[in-house]
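Read through the structure below, which is laid out as structure tokens, and then see the notes.
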Amino acid sequence: MEDLNRRQREILDLVRQRGFVAIDQMAEHFAVTTQTIRRDVNALCEHALLVRFHGGAGLPSSVENIAYDERQEMSPTEKSAIAQEVARHIPDHASLFINIGTTTEAVAAELEHHRGLRIITNNLNVANMLGGNPLIEVIVAGGVVRPRDKAVVGEATLDFINQFRVDIAIIGISGIDADGSLLDFDYREVRVAQAIMRNSRSIYLATDHSKFGRGAMVRLGHVREIDMLFTDRLPSPEMMQVLRDAEVVVRIPDAIAEGS
């Protein structure tokens, strides 16, 4: 995230590697005072990237996602840049799935000037965003509406998705494990995402760098099942090797790549 300093980014990477790190250990590791580390940890907690525990900090829960309203406020610049890069790879007159997530919603916002798109979505925020656009046809999945984020999930949603075969799926994710597993929090949402992936010729994953190494309890699939990964920062060398082995094309927005 652009408003984090270098040490805060390194603290986040350290906690992701270890799961929990004591304040004293971080102070010694970075050769700064414990007060400085506490300020850094507090800043990371404000971004919902870490959670304070007695004497240290750990990763957010793997069983419950951050609230939708909070996720909307996280990394807006990065999400916008990722969305613009995804939109550059979407041709006019394509058929698309767009699933749940604030990054996929940012992608939808960047598609408003495309022509002849046919978009199938289980995200009512996407439907509201593009449903009035005369250049785009929006098809909304049936099912149960999840109040907190306007996701549509359930058996009816699965049956609906399985009627289609589209050119490109644009999906988001809650976490990517070190072995390349794609992770999320709600098994009902995951089942819909799996159906979307099965019924798409190409799969584009749009996610910011904070999802690398983040835990969540439901396995959606593996990076080998996606074709292109759009993110705002190259992941660790170890993750890049996993992506190379899976033959995934990684795209970083030009504006971010040139400034890094």
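Is it fair to say Arg224 is in the same structural domain as Ala141 (by TED's automatic domain parsing) and assigned to a loop (DSSP other than H, G, I, E, B)?
no
Keeping to the stretch 156-189, report how many residues are more than 23 Å from Glu238 (Cβ to Cβ) and either modelled with pLDDT under 95 or not assigned by TED's automatic domain parsing to the domain that holds Val248 (or both).
5
Among the residues of the stretch 222-232 satisfying the criterion of being without any contact (Cβ under 8 Å) to a residue 60 or more places away in the chain and surrounded by 21 or more Cβ atoms within 10 Å (Cβ to Cβ), which is nearest to Ile176 (Cα to Cα)? Lay out the reasoning, then the answer.
First pass over the stretch 222-232, keeping only residues without any contact (Cβ under 8 Å) to a residue 60 or more places away in the chain: 222-227, 229.
Add one more test, that the residue is surrounded by 21 or more Cβ atoms within 10 Å (Cβ to Cβ), and what stays is 223, 226, 229.
Details: Val223: 8, Ile226: 12, Leu229: 12 Å.
Per the criteria, the residue is Val223.
When both residues are 6+ apart or on different chains and their Cβ atoms are under 6 Å apart, which pairs have a first residue that lies in the stretch 233-260 and is more than 23 Å from Gln84 (Cβ to Cβ), and a second that is modelled with pLDDT of 90 or more and loosely packed, with under 15 Cβ neighbours inside 10 Å?
Hits for this filter: Ala246/Arg224.
Within the stretch 17-32, how many residues are under 21 Å from Ile176 (Cα atoms) and surrounded by 15 or more Cβ atoms within 10 Å (Cβ to Cβ)? It would help to see each step written out before you state the result.
We begin by selecting, within the stretch 17-32, every residue under 21 Å from Ile176 (Cα atoms); these are 17-21.
When the remaining residues are screened for being surrounded by 15 or more Cβ atoms within 10 Å (Cβ to Cβ), the result is 21.
Matching residues across the stretch 17-32 total 1.
In the stretch 161-192, which residues are among the β-branched types (Val, Ile, Thr) and touching a Phe, Trp or Tyr at 6+ places or on another chain (Cβ under 8 Å)?
Ile161, Val166, Ile168, Ile170, Ile171, Ile176
Would you mind telling me which numbered condition in (1) under 17 Å from Met129 (Cβ atoms); (2) modelled with pLDDT of 90 or more Pro91 fails?
(1)
Tell me, which residue of the stretch 203-221 that is touching an Asp or Glu at 6+ places or on another chain (Cβ under 6 Å) and farther than 20 Å from Met240 by Cα is surrounded by the fewest Cβ atoms within 10 Å (Cβ to Cβ)? Walk me through it before giving the result.
Applying the first criterion (touching an Asp or Glu at 6+ places or on another chain (Cβ under 6 Å)) to the stretch 203-221 yields 203, 208-209, 216, 218, 220.
With the extra rule that they be farther than 20 Å from Met240 by Cα, the set shrinks to 216, 218.
Numbers: Ala216: 25, Val218: 19.
The extreme case among them is Val218.
Step by step: first the residues of the stretch 233-251, then only those that are in a loop (DSSP other than H, G, I, E, B) and modelled with pLDDT of 95 or more, then the one that is surrounded by the most Cβ atoms within 10 Å (Cβ to Cβ). Which residue is that?
At the first step, the residues of the stretch 233-251 found to be in a loop (DSSP other than H, G, I, E, B) are 233-236, 246-248.
Of the ones still in play, those that are also modelled with pLDDT of 95 or more are 246-248.
Numbers: Ala246: 15, Glu247: 10, Val248: 19.
It comes out as Val248.
Looking at the stretch 126-143 only, could you name the residues that are touching a strand residue (DSSP E or B) at 6+ places or on another chain (Cβ under 6 Å) and of a type in the set (Val, Ile, Thr)?
From the stretch 126-143, those touching a strand residue (DSSP E or B) at 6+ places or on another chain (Cβ under 6 Å) are 126-127, 130-131, 136-139, 141, 143; that's our starting set.
Within the stretch 126-143, Val126, Ile136, Val138, Ile139 qualify.
Criterion first (buried (at least 20 other Cβ atoms within 10 Å of the Cβ), in contact with a helix residue (DSSP H, G or I) (Cβ under 8 Å, 6 or more places away or on another chain) and within 22 Å of Ala127 (Cα to Cα)) does Ala193 satisfy it?
So Ala193 does not fit the description; no.
Would you say Arg7 is closer than 26 Å to Tyr187 by Cβ and in a helix (DSSP H, G or I)?
No; evaluated as a whole, the condition is false for this residue.
Kindly evaluate Arg38 against the criterion of being modelled with pLDDT of 90 or more, basic (Lys, Arg) and surrounded by 14 or more Cβ atoms within 10 Å (Cβ to Cβ).
yes
The values are calculated or read from the model by the stated rules, or taken from the named source; none is laboratory data. What you see is a predicted model; the values in this text were computed from it and never measured. Positions of Cβ are generated from backbone atoms using ideal geometry, with glycine treated the same way; all protein chains shown enter the neighbour counts.
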